[in-house]
Amino acid sequence: MKLSDNKATLSFSNGSPSVELPVYQGSIGPDVVDIRKLYAQTGMFTYDPGFMSTAATQSGITYIDGDKGELLYRGYPIEQLATNCDFLETCHLLLYGNLPNTAQKADFTKRVTMHTMVNEQMQFFLRGFRRDAHPMAIMTGLVGALSAFYHDSTDITNAEHRDISAIRLIAKMPTLVAMAYKYSVGQPFVYPKNDLSYAGNFLRMMFANPCEEYKVNPVIERAMDRIFTLHADHEQNASTSTVRLCGSSGTNPFAAIAAGVACLWGPSHGGANEAALNMLEDIQKMGGVAKVGEFIDKVKDKNSGVKLMGFGHRVYKNYDPRAKLMQETCKEVLNELGLHNDPLFKLAMQLEKIALEDDYFVQRKLYPNVDFYSGIVQRAIGIPVSMFTAIFALARTVGWIAQLNEMIGDPEYKIGRPRQLFTGSVKRDVQPLAKR
Ligand code: SDX
């Protein structure tokens, strides 16, 4: 970042001395006012719950232009990456800053492939869960438990430890997610196969069984790979900020990523794809397209507490570019599987059309986000709704670890410790019980 000629002056109407604050510029996007010395100079904090106007870090990984609906991973538009690259190339880009050449891609793919198995002891963690446990409860536990198996790479200040942990996490997440699914359906776990692609290996671990050979469908394999790419990173979203804050204490990478899994689970964040599909199924049960108007009215009625899940975004005030690509992937998969008349897809398209013409949504700049179509395509592939967020976590792991490694590698980083505006009781004395 570079110091701008522009400066910010903070003045107070009560005559307190004004303060001059430096302004920094990035390579693109909004400048920042550096308030790091504000408390020392004024005895005051800034106040920004929800971080609506706060840059918590500098980063060179992902840039979002919410007004244009633009998403860049290390400068490359998501549309180009989703069309011309695969997920492992995108992982290499997010982790190391560049798309791999042929030799680098082969080496990176081999490194990931050689780490896809998990320790045989991991399967016994699953046995402690009910078979109907939510997959995100299982994933939060399993990812945290990984730190119990890799004592050789938990020193986050060691660059080699950070790199091997990144490879292990990227490699093992598909295996763990597939194990969570197999456990829920009472089928045997399927071991990874080294001669399959990352996405093909995941599909086989999810859907193969010992009774017959599983053949990877290349259209589904490409769609799964693209779903991973579309979810790989997204600037300082809630779960990434959680991973950064958790990792800033110096804890091991597996524990920090487990914190990200837990945060992603929420329906306002990664849980929205599960909520969006459940919403579509509810409308379908109510009467489908004929009931869309009634549902939209309920959403617009504040007292209903009903939201149009898969719509709206803190940063995008235009169409989420991932939603467009997800819609295309949806069409490809539905056509491949002969489901082009899928009623939920038709319902989603109608819901989107009506919402985008309705003033309530237009005024609030509410557009479909990545979660609006992702559920329909995953359901068509045969992935149960309860697994959607676990797959989001699988894909986002590379973004989490890239952001964590960037923070730890930043000489300026400190443990994160926000302050507060205290509005509770001032000091008072404890009264003896008899007098309370
Ligand atoms: C993800 O941060 C990221 O980058 C996240 C993510 C990533 O890749 O990491 O992109 C992934 O989490 C996508 C978002 C998935 N969540 C959902 O689809 C859940 C539904 N969306 C909303 O909960 C909401 O839009 C948020 C949480 C996504 C954003 O909320 P904000 O920025 O805090 O905005 P807000 O809730 O203050 O909403 C502004 C207005 C409000 O109305 P008013 O009070 O101004 O009258 O818009 C309304 C909200 O009521 N609104 C919605 C709505 N989203 C916002 N009304 C109906 N349906 C919605 N979905």
Selected residue (criterion: nearest to the ligand (Cβ to nearest atom)) from residues of region 281-316 that are of a type in the set (S, T, N, Q) and without any contact (Cβ under 8 Å) to a residue 12 or more places away in the chain: Ser304
Taking the residues in region 264-309 that are surrounded by 20 or more Cβ atoms within 10 Å (Cβ to Cβ), of a type outside the set (Gly, Ala, Ser) and closer than 30 Å to His161 by Cβ as candidates, determine which candidate is farthest from the chain's Cα centre (by Cα). Trp265
Among residues of region 326-336 being touching a residue at least 60 places away in the same chain (Cβ under 8 Å) and away from the ligand (no atom under 13 Å from the Cβ), the residue nearest to Ile78 (Cα to Cα) is Thr329
Report, ordered by the first and then the second residue, all pairs with beta carbons closer than 8 Å, sequence separation of six or more or different chains, a first member in region 418-436 that is of a type in the set (A, V, I, L, M), and a second member that is modelled with pLDDT of 95 or more. Leu421/Phe45; Leu421/Tyr47
Being among the polar types (S, T, N, Q) and in a helix (DSSP H, G or I) is the filter; apply it to region 57-110 and report the residue that is nearest to the chain's Cα centre (by Cα). Thr90
Helices (runs of 4 or more DSSP H) wholly in region 140-233 with at least 3 residues that are surrounded by fewer than 21 Cβ atoms within 10 Å (Cβ to Cβ) and among the aliphatic types (A, V, I, L, M) - which ones? 159-185
(1) surrounded by fewer than 13 Cβ atoms within 10 Å (Cβ to Cβ); (2) part of a loop (DSSP other than H, G, I, E, B); (3) over 19 Å from the mean Cα position of the chain (by Cα) all hold for Gly50 apart from (3)
Of residues in region 261-278 being part of a helix (DSSP H, G or I) and modelled with pLDDT under 95, the one nearest to the ligand (Cβ to nearest atom): Ala272
Which listed residue is part of a helix (DSSP H, G or I) and modelled with pLDDT of 95 or more, from Ile376, Ile354, Ile383, Ile391: Ile391
Confirm whether Arg396 is within 30 Å of Asp163 (Cα to Cα) and either basic (Lys, Arg) or more than 22 Å from the chain's Cα centre (by Cα) (or both). yes
Looking at Ala106, is it out of contact with any strand residue (DSSP E or B) (no Cβ under 9 Å at 6 or more places or on another chain) and without any contact (Cβ under 8 Å) to a residue 12 or more places away in the chain? yes
Anything in region 325-339 that is surrounded by fewer than 18 Cβ atoms within 10 Å (Cβ to Cβ) and at negative phi? List them, or say none. Glu328, Lys331, Glu332, Asn335, Glu336, Leu337, Leu339
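Conditions tested, residue by residue: (1) in contact (Cβ under 8 Å) with a residue 40 or more places away in the chain; (2) within 16 Å of the ligand (Cβ to nearest atom).
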| residue | (1), (2) |
| --- | --- |
| Phe207 | yes, no |
| Glu212 | no, no |
| Asp225 | yes, no |
| His231 | yes, yes |
| Glu235 | yes, yes |
| Thr242 | no, yes |
| Thr251 | yes, no |
| Phe254 | yes, no |
| Ala259 | no, yes |
Quick one: in region 349-378, of everything that is surrounded by fewer than 20 Cβ atoms within 10 Å (Cβ to Cβ) and either touching a residue at least 60 places away in the same chain (Cβ under 8 Å) or more than 14 Å from the ligand (Cβ to nearest atom) (or both), which residue is farthest from Asn217 (Cα to Cα)? Tyr360
Kindly list the number of the only condition in (1) outside any loop (DSSP other than H, G, I, E, B); (2) touching a Pro at 6+ places or on another chain (Cβ under 9 Å) that fails for Ala137. (2)
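The values are calculated or read from the model by the stated rules, or taken from the named source; none is laboratory data. This is a predicted model, so every value here is computed, not measured. All Cβ positions, even for glycine, are placed from backbone atoms using ideal geometry, and neighbour counts span all protein chains on display.
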